[in-house]
Protein chains: 4
Amino acid sequence: MIAILKHGTTPAQMEHLVAWLKHMDLDVHISQGREVTILGLIGDTSRVDMELLKSLEMVETVKRVSEPYKQANRKFHPNDTIIQAGSARIGGGYFSLIAGPCSVESEEQIIEVAKAVKASGATILRGGAFKPRTSPYAFQGMKGEGIQLLVKAKQATGLPIVTEIMNISTLDLFADVDIIQVGARNMQNFDLLKELGKTKKPILLKRGLANTLQELLMSAEYIMSEGNDQVILCERGIRTFETATRNTLDLSAVPVLHNLTHLPVVVDPSHATGKAHLVEPMACAATAAGADGIMIEVHNNPSCALCDGAQSLTPPQFDDLARKVRKLREVMA
Amino acid sequence: MIAILKHGTTPAQMEHLVAWLKHMDLDVHISQGREVTILGLIGDTSRVDMELLKSLEMVETVKRVSEPYKQANRKFHPNDTIIQAGSARIGGGYFSLIAGPCSVESEEQIIEVAKAVKASGATILRGGAFKPRTSPYAFQGMKGEGIQLLVKAKQATGLPIVTEIMNISTLDLFADVDIIQVGARNMQNFDLLKELGKTKKPILLKRGLANTLQELLMSAEYIMSEGNDQVILCERGIRTFETATRNTLDLSAVPVLHNLTHLPVVVDPSHATGKAHLVEPMACAATAAGADGIMIEVHNNPSCALCDGAQSLTPPQFDDLARKVRKLREVMA
Amino acid sequence: MIAILKHGTTPAQMEHLVAWLKHMDLDVHISQGREVTILGLIGDTSRVDMELLKSLEMVETVKRVSEPYKQANRKFHPNDTIIQAGSARIGGGYFSLIAGPCSVESEEQIIEVAKAVKASGATILRGGAFKPRTSPYAFQGMKGEGIQLLVKAKQATGLPIVTEIMNISTLDLFADVDIIQVGARNMQNFDLLKELGKTKKPILLKRGLANTLQELLMSAEYIMSEGNDQVILCERGIRTFETATRNTLDLSAVPVLHNLTHLPVVVDPSHATGKAHLVEPMACAATAAGADGIMIEVHNNPSCALCDGAQSLTPPQFDDLARKVRKLREVMA
Amino acid sequence: MIAILKHGTTPAQMEHLVAWLKHMDLDVHISQGREVTILGLIGDTSRVDMELLKSLEMVETVKRVSEPYKQANRKFHPNDTIIQAGSARIGGGYFSLIAGPCSVESEEQIIEVAKAVKASGATILRGGAFKPRTSPYAFQGMKGEGIQLLVKAKQATGLPIVTEIMNISTLDLFADVDIIQVGARNMQNFDLLKELGKTKKPILLKRGLANTLQELLMSAEYIMSEGNDQVILCERGIRTFETATRNTLDLSAVPVLHNLTHLPVVVDPSHATGKAHLVEPMACAATAAGADGIMIEVHNNPSCALCDGAQSLTPPQFDDLARKVRKLREVMA
């Protein structure tokens, strides 16, 4: 870590600062320049509070040279992590096609969708049981019952399942779930992350709507620092001023993350765009950007024609998408 | 709620949609125009999933006419809510000066700061015991012990105390806390909000870094819908492209929220700006914008001269600020 | 256009409003509901100032049903516009590979790069002559002389050329330029747009860093409304809170724009990401998203080894990229 | 300027880089550390292209130690600049109350408003003659005729006038204008800035919707570097995800800018918020934050009752605001 001190810092101020840094078991290498003084901090700087350091008046700027994440860091773990979840593998060249309905609604629905997406090549079934909703008055999901229906769909198709947890007190309900999802709104619910770090299950960690990629990696680090190194990162759009799409899908996240970390990176174009007709082009784009998987909402509701065209794809639309994605993957190999 | 359907929607599609809406106990008033068809939805539309409705291809746009929050809504509760927390009142003309250190560090520290800020006119003592930190390797606060020290400072000064909760499983530790704070990162931790809604304690709810004011009100509604109507809203900066300040303090939030809700609104300029020399001007600005209170970080660390100038104010700096804020309040009365 | 009036609007207020709207030659269709009153405005609403209408206290919301752009609108011009620029075609299935150095530096440099990118399959040569720079003290480009060198490179290779204009007073210098570029910072320099609308040259219009896609289309409309319908839209990244990339490349812009307009859409991943190693994955992603072309910075500076790895690609790196993009295009056909 | 090189940079790479930097007349001071190598660049670094330097693969980070603006920099010009515009002074303790209609509409209107705002204490009259509009079909202002009417209002009241320029070719029309305004969309129209730098008139420079404060200062530097040091900076809201207000007024800009520059800083709450009822609280907040002036839209249209409540204030509303602002100024003195 490098701290640059402002011109005019007094020797007494600097002495105080250096003493404080040494108190944290850091070696401090001082390089006095004409305009500025540069402190090189050597040792375990992951404990240093950068925000506090930056906020000191004498400090011009602080720059981490070594990243604050260790276990998620590709530098210390050059090979891609490959995550095994039931029959599916994600990362290190294994591409995952994750598909399923936004919410689990009934046994019939989830099994029918599961069969359909499997037939089109999906490798993992998704479906919401606990639903984080902006409004307390909105449908909050089928909860435990929803998970049981997902497990039935898994038994019927062999597809591993992924579903979201909102509260660690419900962890027991996830015994047969293959991948536990942490939603965007909980990306910095640090207590939840720590508890999931104590499990042995793969965790699919969604990027928060206003979180930087470094913060995403720090949240992965929370899980990994407790002993669970099975983390899948998921880009699902960030908040910007643009309103033509629900969120702005930040596909540069894929190569940036691949550079910084060995963890697999998947992309969710359904939630990011919020419109069915944008899902296929963005799924193709994510694939071409090198994503290790994509998550697609698929519904199957023949009695409800009105839903055609919503954010979810129909099984035939998903079949088309899966075919295109496969062709792109072949070309990129 | 108004839904505008696109030109070209077929009668069959519209019939399906209307049937679906009526299924949710809504009356649907259809107004067929030349270019568009407008559906007026009458009844309890707070249960309608706007995102789903918007994502339908046939739907041009959806607009709530009545806000999705009820208990937080000024329309149904025109008078300002006044919250009593120990000896302090907030809202409805009562202004709160909340001050204290970022983290509780020792009994000596917290009592000294508490006495200092009280002498300058603070009405509530703040101090972090559970600290949400981006890094798992950073100091996470004194936790339960920190709360006990806050309680001692309360006994020594009579100041009511506010401190942050991160996990509902620690609720018992907050028995003697006067106001429970929900941090920005947990603003949409809906399960935590619901549980806090079952307590009788005032909740200070901080706006998330990427959350709209309407989402802040919906999170307040989560607490209120469980029976706890003692919610204080707190603006503490949002994330934008600007890097000159840590976050961008959105002071327009104050009059906007006062218009929409009867709940008190306080402002935290210390976290928003991240620099001590910006705290006083932004505290004054918040006061002039009509805030019901301000939250200021104050430390007292004579042995650590280096901290002077960081985000926290020293007691004499706070004393100056408090005097200015009082003068502004008098003028505005 | 639909205007929804608030509950409580008096008949007198509404009468005033309706009179004002009729004064603008609009028909007003009033639909009085229980909670709200809806005004349907029929006629040429492109002249109505939505911001003013919205700012009226009695108005709940205003929604355009017909887009405010006409000539750029796919509804009135369903077929893709194909733009011919020298030997190159863009749009309607014709894909353009635009490449060249950030700045024109010398005759030798630009001709060498032009030959190299042509050999790799580039169809258009780019190069900056007038350079918009944040600092008045930075190099502002070779200006007119730079354009002359671009013209020499065009003569040497047959590649059509694109370069940026910053000031309409320099238009004469662009006589032999095939496509005139309007930079992101000038996207809403309306006087410049109007003047370019009076020329017969194709215009490559870059999206501003904080501009919505609708604003981009309105700026295209400025050019088209003066008689020049040869506009190419360019996504080059928007400003967000994320700092891992220089800007956030918004690839959803490609399918969104294709839906709204018949104009071709190209993507510039070099400026958006600011790092060479991100250019290829994002160029592939843009191609897979359906872009009509990509713009890539390529330099050729054997005497300056330090530049390897900067935002610009070397000719061999560009050759690799071009090959991948071609393969993706084949698969997508 | 400090450049930190990555671990693993070869001596040859470093040699190339150092040679390149020396070529720009910079002294380079090398400090080789264990983890990184730090280059201190000494000399006129304002010509160094930071973006290019940053984009080199071997460069970890680049940090300016001295700001890239000189003439706008408080370090080299510690005393506040006081700008004289007709009878008005702005900056250095002189507070300006700038008021007037959004657009000049008629002689009667502008003179009536001018008299009204003068009676309430306004020191400068504002009014739009050239109007930058998102749509080519919207009213673009009365142009030269509008300026003539402003001049008549100036003659009638003695108030100096400020109005916006969009195109340098219209400069002659501004001969009797006291302050020329550059709108947010033209903040980085560098050619316009340079031409205005050759005039002797005070320039009111509005911050762009997606521009950082440093970029605002660099744009001021463009004007000043041509010889005109009469620049007034104006905060008018930035673009964020929040939609409750038209833009997000960034009031922290006031103390941040006061710290960095000697130029006066005014605030425009009318355009930022877009709603009349938010103008007064935000004008008060801007005043308390230490702004050197505020710009307020005031209309006077007795025949058009519908306009009451729009973004513009009525003369009586403005009179209230002016009184409050004056009281706040007294308290802050």
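Restricting the search to the stretch B:3-18, which residues are crowded, with 19+ Cβ neighbours inside 10 Å and closer than 11 Å to residue B:30 by Cβ? Selection gives B:3, B:5, B:17. Remark: pairs (first residue in the stretch C:186-198, more than 7 Å from chain D (Cβ to nearest Cβ) and surrounded by fewer than 24 Cβ atoms within 10 Å (Cβ to Cβ); second residue part of a helix (DSSP H, G or I) and of a type outside the set (Val, Ile, Thr); Cβ separation under 8 Å; 6+ apart in sequence or on different chains) = C:194/C:222; C:195/C:171; C:197/C:222; C:197/C:224. The residues in the stretch B:247-261 that are over 10 Å from residue D:249 (Cα atoms) and assigned to a loop (DSSP other than H, G, I, E, B) can be counted, and the count is 1.
For the stretch B:189-198, a tally of residues being in a loop (DSSP other than H, G, I, E, B) and under 23 Å from residue B:96 (Cβ atoms) returns 1.
The set of residues from the stretch A:199-225 being part of a loop (DSSP other than H, G, I, E, B), surrounded by 22 or more Cβ atoms within 10 Å (Cβ to Cβ) and at the interface with another protein chain (Cβ under 7 Å from one of its Cβ atoms) comprises A:209, A:210.
Criterion applied to A:291, A:285 was being at pLDDT 95 or above, touching a strand residue (DSSP E or B) at 6+ places or on another chain (Cβ under 6 Å) and at negative phi, and the one residue passing it is A:291.
Here B:268, B:292 are screened, and the one residue that is more than 8 Å from chain D (Cβ to nearest Cβ) and in contact with an Asp or Glu (Cβ under 8 Å, 6 or more places away or on another chain) is B:268.
Residue count for the stretch A:146-176 under the criterion of being assigned to a loop (DSSP other than H, G, I, E, B) and either within 11 Å of chain B (Cβ to nearest Cβ) or buried (at least 24 other Cβ atoms within 10 Å of the Cβ) (or both): the result is 3. Annotation: residue C:244 fulfils all but one of (1) farther than 20 Å from residue C:66 by Cα; (2) assigned to a helix (DSSP H, G or I); (3) more than 9 Å from chain D (Cβ to nearest Cβ); the unmet one is (2). Filtered by the rule that a residue be in a strand (DSSP E or B) and either within 30 Å of residue C:222 (Cβ to Cβ) or in contact with a helix residue (DSSP H, G or I) (Cβ under 6 Å, 6 or more places away or on another chain) (or both), the stretch D:106-145 gives D:125, D:126, D:128.
Residues in the stretch C:233-254 include at least one that is under 23 Å from residue D:137 (Cβ atoms), buried (at least 24 other Cβ atoms within 10 Å of the Cβ) and of a type outside the set (Lys, Arg). For the stretch A:247-265, the condition holds for no residue, the condition being that it is more than 7 Å from chain C (Cβ to nearest Cβ), acidic (Asp, Glu) and closer than 24 Å to residue A:128 by Cα.
The residue that is farthest from the other protein chains (Cβ to nearest Cβ), counting only those in the stretch A:226-241 that are under 20 Å from residue A:84 (Cα atoms) and in a loop (DSSP other than H, G, I, E, B), is A:230. Of the residues that make up the stretch C:97-105, is at least one outside any strand (DSSP E or B), farther than 25 Å from residue C:290 by Cα and without any contact (Cβ under 8 Å) to a residue 60 or more places away in the chain? Scanning the stretch C:97-105 turns up at least one residue that is outside any strand (DSSP E or B), farther than 25 Å from residue C:290 by Cα and without any contact (Cβ under 8 Å) to a residue 60 or more places away in the chain. In the stretch D:121-141, is there at least one residue being more than 14 Å from every other protein chain (Cβ to nearest Cβ), surrounded by fewer than 19 Cβ atoms within 10 Å (Cβ to Cβ) and modelled with pLDDT of 95 or more? Checking the stretch D:121-141: at least one residue is more than 14 Å from every other protein chain (Cβ to nearest Cβ), surrounded by fewer than 19 Cβ atoms within 10 Å (Cβ to Cβ) and modelled with pLDDT of 95 or more.
Pairing residues of the stretch D:63-92 that are without any contact (Cβ under 8 Å) to a residue 60 or more places away in the chain with residues that are among the charged types (D, E, K, R) and surrounded by 15 or more Cβ atoms within 10 Å (Cβ to Cβ), at Cβ distances under 7 Å and at least 6 apart in sequence or on separate chains, gives D:76/D:70.
The values are calculated or read from the model by the stated rules, or taken from the named source; none is laboratory data. Remember, it's a predicted structure, so these values are computed and weren't measured experimentally. Note that we place each Cβ from the backbone using ideal geometry, even for glycine, and neighbour counts take in every protein chain shown.
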